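Undergrad: Take a look at this one; I'll ask things after.
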Amino acid sequence: MLAGPLLRRIETNLVSVWVALKEAASSVKLSLWEGGGIKAGEKPALVSGPDPAAQTLRIGQQLHVVVVTLKLSTGQALQPDQTYSYDLSLQTASGTHTLKSLGLLRDDPSTPGPNMKHLALGFETDVLPTFALSPRNLTDLRVVHGSCRRANAALMDGLAWADDFLSRDNAYKDPLKRPHQIFLTGDQIYADDVGRVQLHMQMELGKQLFPGIEQLPVKRDPVSQSITRFPADRPHFPPGQRLKLLLNTARMTSKDGHSHLMSLAEFCAMYLMVWSRAVWDEFPPTELITQPPEPSPDTKELLTDLAEALPVEKRPKIYADEVAALTEFRRTLPKVRRALANTPTYMMFDDHEITDDWYLNPIWRDRVLTSPLGKTIIRNGMLAYALFQGWGNDPVAFEAGERKRLLDQATKLFPANATENPNEVAGNEIDKLLGLDQNAGLSGANPPVKWHYTVPGEKHLVLVTDNRTRRSYVSSVGPPGNVAVTALPDMIPAGPLPAGKEVVFVITSEPVLGPSMFDELFAPALYRAFDVKDYDQLQGKPEEKTRGTRGMIGTNPDAIEAWAFDPKTFEALLKRLESYRRVIFLSGDVHYAASNALSYWKQADQAEPTRFVQFISSGMQNVMPDIIRIIDRTLSFAQRLIRKEFKAERLGWDATASDLLVFPTDVKPVPAIRSRLKRAPVLIPPQILPAGTKLNTAKLPNWSWRAEVLLDKRKDSERPKPAQPELLDPANPNSDVTENKEGFRRAANRHGRQMDKLGHSRQILFINNLGLVRFEKRGETLFVIHELYAAAPDPADPLNKPPTPQLYTKHETKLDKLTVDEAKKPEKALLPA
């Protein structure tokens with residue numbers, strides 16, 4: 001077993017598990033037992049199937065993938081508040097295998113250490129892995145979410161902490177205390193930000209998985225339009241030297257693409273390596289990085305200059321740093337594998353599964369999809385997503401129709417004993433299914449294969465949206481509407497919630513509600529500042545007229561993708577969801593964690609608003625640049641600015657009119673206000689209106705909303721030690737502040753030590769994290785709670801041992817029963833006395 005088992009979609013009448021195997025399996029069956037602590041072979045299964053058995057799909061010579069789905073009859077339906085165990089039976093040419101015979105029900109080796117291959121999947125020797133449905137009571141529900149897992153980042157892997165949620169206090173034994181669902185909301189891999197050592201290893205693994213080396217289309221003859229292909233090997237596409245090729249030939253925009261994934265073998269190897277320790281070999285010799293061979297003359301002119309990509313003096317450090325980061329990542333992979341084997345896990349792509357800025361704007365889409373190499377990279381990334389992530393989200397949807405056709409074509413792309421790879425006919429069919437042949441324009445794409453899906457729970461409903469392939473655009477250079485208005489009915493059924501459901505979760509890769517200060521002030525200035533700073537790099541040299549970033553805005557960073565930048569689409573999303581009443585967005589993408597809430601009134605006479613709550617957990621293994629975190633910890637101005645209750649409100653009208661607002665007789669509204677009054681829908685932030693402005697009571701707003709930031713209001717003593725301020729000596733509180741040189745030295749040392757702590761994480765957490773969502777009922781009011789876990793070293797720890805995850809930031813807010821002051825509408829202050 002190359003990777004897995006990954007527990008995927010679980011319902012009362014359906015259980016599905018994903019695995020990747022080195023050899024084909026003619027029969028794959030899943031067996032279930034009621035209860036936990038079941039030892040393999042101890043007693044007959046409650047139910048086994050399917051019948052006929054599932055079979056693996058051959059993707060490569062030594063890569064066979066399957067999602068085995070067991071459908072249960074009404075009499076066999078699974079029950080909430082109950083633990084279930086499972087096992088697999090795999091019939092291959094080498095015999096029949098189970099989780100026990102594969103050695104996955106014991107620690108290997110028995111003594112934990114840096115070379116551990118895997119942990120016992122059932123937490124105890126010979127015990128089967130388990131799961132539980134979402135519980136009967138919403139207050140028992142535990143939902144884990146996270147995003148942005150970059151394997152080569154010099155950070156602990158936050159996804160491994162999901163295993164701590166299961167093992168802490170033996171929670172895996174209790175169906176009410178364990179996590180019930182994991183939602184990975186984007187960037188499960190980083191195809192564009194790959195270490196050189198990492199890519200060397202993936203290329204070696206790829207050669208084992210696939211029967212031949214994929215031929216990548218690179219050069220197009222300007223006259224005959226014929227395409228020249230080269231093998232995806234080290235001489236033609238060396239790690240660390242691909243950035244120029246990526247920008248000028250594939251016409252992409254990632255500034256981190258020195259070792260960008262290109263072939264399907266590389267994409268598949270990446271997924272296997274981030275989910276399983278079993279496929280890792282030894283690190284390549286230093287010489288491959290410090291003394292790389294010259295690239296092939298066929299592609300050398302297209303590649304980044306070796307001296308530019310790998311300056312000689314930096315090569316030893318590059319190698320050492322990458323090996324250190326990958327060693328730490330590999331160390332906790334057994335915990336990741338066990339967590340994903342014991343918790344139903346649902347996934348959705350963001351951009352880095354494919355490439356940074358994926359479908360940023362129509363120009364980006366046109367440039368990349370008309371480049372043979374660009375289109376091939378997109379196809380390989382999306383196909384790998386389908387096989388490793390998308391299939392397990394909704395396996396029944398892949399049993400027929402366009403998604404079934406996609407799986408069928410995947411088996412034909414690299415046929416056995418082929419002399420040329422990939423198969424062009426299969427590749428063209430896959431392109432059509434993925435919508436890579438569509439000229440979507442500004443209105444949004446509508447590819448045959450759809451990626452959104454719905455997950456039902458006992459007391460909640462989850463709607464997972466696709467924020468990449470169904471976009472619309474306000475202009476040729478952006479910003480995007482992350483879900484086109486025309487696509488909203490597909491992804492979000494008309495409300496209200498079905499009977500018996502109390503809340504709806506909506507998964508959006510990019511946050512819908514960012515911190516007000518960021519969405520309203522920082523983001524618009526930030527991407528423009530970076531565009532100016534990196535102008536020469538983005539535009540390229542005069543002769544580089546085909547550079548993907550040429551003439552584009554917002555590519556560094558891609559802050560132009562915020563939902564707030566396309567107000568029309570943003571408002572359409574809120575309007576579509578309003579009737580659900582209690583809406584919780586789970587998002588990632590932004591490399592920090594935060595929580596925000598929004599009260600939404602559909603009409604002027606509505607008393608109780610719809611509550612939208614935004615929880616962001618990002619990233620599990622990727623964070624903001626050091627300069628951002630340093631500013632957050634050291635500049636009091638920045639800290640006050642972030643915490644300031646920056647007012648974010650809107651008044652909205654469906655139709656334009658010249659008399660929606662009544663201005664004071666001596667005031668002429670500024671052009672920005674007059675312009676807003678002429679565009680439908682009319683969106684007016686009350687804070688920009690001149691003093692004395694009133695609403696026309698005959699034409700009151702059709703809707704309004706107010707956003708708020710959420711703060712961690714716990715006492716300092718309730719937070720982890722690395723987040724607590726250092727206290728003065730209780731016995732002698734003046735000892736640190738004596739008015740002499742010694743007192744100044746002590747005070748300076750205290751301030752210096754505090755800068756290493758996480759004291760300023762009550763609103764925004766700028767270190768890697770993993771989120772957990774739960775609910776509490778206090779009286780008649782329902783609260784939702786966002787717990788953000790991180791593992792920060794304690795500066796006071798003399799042993800400097802690896803830290804364990806702790807609750808660094810805790811946010812909570814009401815989902816109903818707001819007080820009169822909390823439910824005060826934005827328009828109230830603008831009504832005539």
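Undergrad: Based on alpha-carbon centroids, what's the gap between the stretch 552-604 and the stretch 129-164 in Å, whole number please?
TA: So the two Cα centres are separated by 23 Å.
Undergrad: For the chain, list the DSSP H helices whose alpha carbon atoms reach 18 Å or more along the long axis and whose average Kyte-Doolittle value is -1.0 or above?
TA: Going by DSSP H runs, the hits are 196-209, 315-331, 372-385.
Undergrad: Now for a different question. Less than 12 Å Cβ to Cβ from GLU204, Lys/Arg counted +1 and Asp/Glu -1: what total charge do the surrounding residues give? Don't skip to the end; give the middle numbers.
TA: On the way: positive: LYS207, ARG234; negative: ASP233, GLU266, ASP281, GLU282.
Within the 12 Å Cβ shell, the charges total -2.
Undergrad: If you place +1 on the Cβ of every Lys and Arg and -1 on the Cβ of every Asp and Glu, how big does the dipole about the Cα centre of the stretch 1-49 come out, in debye to the nearest 20?
TA: 80
Undergrad: Name the residue from LEU88, VAL68, TYR527 whose Cα lies farthest towards the positive end of the charge dipole of the chain, charges +1 on Cβ of Lys and Arg and -1 on Cβ of Asp and Glu.
TA: TYR527
Undergrad: Given just the C-alpha atoms of the chain, how large is their convex hull per residue in cubic angstrom? If you can, show how the numbers build up before the last one.
TA: Details: hull volume 167.7 nm³, N = 833.
Here the figure is 201 Å³ per residue.
Undergrad: With a 1.4 Å probe and all protein chains kept in place, how much accessible area does GLU214 have, in Å² rounded to the nearest 10?
TA: Solvent-accessible area, nearest 10 Å²: 10 Å².
Undergrad: Report ³J(HN,Hα) in whole Hz for each residue of the stretch 809-816, in order, from the Karplus equation J = 6.51 cos²θ - 1.76 cosθ + 1.60 where θ = phi - 60°; Gly and Pro get x.
TA: After applying 6.51 cos²θ - 1.76 cosθ + 1.60, I find 9, 10, 10, 8, 7, 6, 9, 6 Hz.
Undergrad: With θ set to phi - 60° and the Karplus curve 6.51 cos²θ - 1.76 cosθ + 1.60, what are the ³J(HN,Hα) couplings of the stretch 818-833 in order, to the nearest whole Hz, using x for Gly and Pro?
TA: 5, 6, 4, 5, 5, 9, 6, 6, x, 7, 4, 6, 9, 7, x, 4
Undergrad: Using 7 Å Cα-to-Cβ label points, what is the LYS801/THR290 separation (nm, one decimal)?
TA: Placing both labels 7 Å beyond Cα along the Cβ direction yields 3.5 nm.
Undergrad: Starting from the Cα of ASN423, step 7 Å toward the Cβ, then list every residue of the stretch 374-404 with an amide N under 16 Å from that point.
TA: Residues 404 qualify, since their backbone N sits under 16 Å from the label point.
Undergrad: Give a residue-ordered list of calculated ³J(HN,Hα) values for the stretch 666-680 (Karplus: 6.51 cos²θ - 1.76 cosθ + 1.60, θ = phi - 60°; whole Hz; x for Gly, Pro).
TA: Ordered by residue, 3J(HN,Hα) equals 9, 10, 10, x, 5, x, 4, 6, 4, 5, 4, 5, 9, 10, 9 Hz.
Undergrad: Still on this model: Just to be sure I understand the model, the point goes 7 Å from the Cα along the line to the Cβ. What's the resulting ALA154 to GLN539 distance in nm?
TA: Here the answer is 3.4 nm between the modelled labels.
Undergrad: With charges set only on the Cβ (+1 for Lys and Arg, -1 for Asp and Glu), what does the dipole of the chain come to about its Cα centre, in debye to the nearest 20?
TA: In debye, rounded to 20, the chain gives about 1420.
Undergrad: State, as an integer percentage, the relative contact order of the chain based on alpha-carbon contacts under 8 Å between residues 6 or more apart.
TA: 12
Undergrad: Pull up all non-local amide H partners of TYR453: gap of 5 or more, or a different chain, and H-to-H distance under 5 Å with H placed in the peptide plane.
TA: VAL464
Undergrad: Also, quick follow-up: Normalising by the residue count of the stretch 655-714, find the relative contact order in percent from Cα pairs under 8 Å and 6+ residues apart.
TA: Values: 45 pairs, mean separation 24.2, N = 60.
For the stretch 655-714, the relative contact order is 40 percent.
Undergrad: Here is a follow-up. Counting Lys +1, Arg +1, Asp -1, Glu -1, what net charge surrounds THR555 among other residues with beta carbon under 14 Å of its beta carbon? Show your work: numbers first, answer last.
TA: Details: positive: ARG251, LYS255, ARG365, ARG367, ARG528, LYS533, ARG547, ARG550; negative: ASP192, ASP256, ASP351, ASP356, ASP357, ASP531, ASP534, ASP536, ASP558, GLU561.
That sum, taken over residues with Cβ under 14 Å, equals -2.
Undergrad: Can I ask one more? Given a Förster radius of 51 Å and the C-beta distance between ALA400 and ASP659 as r, what FRET efficiency does 1/(1 + (r/R0)^6) yield to the nearest 0.05?
TA: 0.40
Undergrad: Run the numbers for LYS828 and LYS177: contour at 0.36 nm per residue of separation, minus the present Cα-Cα distance, in nm.
TA: 230.0 nm
Undergrad: At a probe size of 1.4 Å, how large is the accessible area of ILE318, to the nearest 10 Å²?
TA: Result for ILE318: roughly 40 Å² accessible.
Undergrad: Oh, and also: For the chain, what is the mean residue ellipticity at 222 nm derived from helices alone (per DSSP H run of n ≥ 4: -39500 (n - 2.57); sum divided by total residues; nearest 500 deg cm²/dmol)? It would help to have the intermediate numbers written out before the result.
TA: On the way: 20 runs with 187 residues, N = 833.
Mean residue ellipticity at 222 nm (helix-derived): -6500 deg cm²/dmol.
Undergrad: Between ASP256 and ASP233, what is 0.36 nm times their sequence separation minus the Cα-Cα distance? Round to one decimal in nm.
TA: Length gained between ASP256 and ASP233: 6.3 nm.
Undergrad: How large is the direction-averaged shadow of the alpha-carbon convex hull of the stretch 349-439, in nm²?
TA: Taking a quarter of the hull surface, the average projection is 6.3 nm².
Undergrad: Then there is this: Once you place label points 7 Å from the Cα toward the Cβ at THR12 and ASP169, how far apart are they in nm?
TA: Once both label points are built, they end up 2.9 nm from each other.
Undergrad: Within a Cβ distance under 15 Å of ASP157, other residues only, what is the Lys/Arg minus Asp/Glu net charge?
TA: Result for the local shell: +4.
The values are calculated or read from the model by the stated rules, or taken from the named source; none is laboratory data. Owing to the predicted nature of the structure, the values given are computational and were not obtained by experimental measurement. As a convention, Cβ positions derive from the backbone with ideal geometry for all residues, glycine included, and neighbour counts pool all protein chains shown. The protein model used for the area step is the full one, side chains on, heavy atoms only, and it has no ligands, DNA or RNA in it. Shrake-Rupley method; radii C 1.70, N 1.55, O 1.52, S 1.80 Å.
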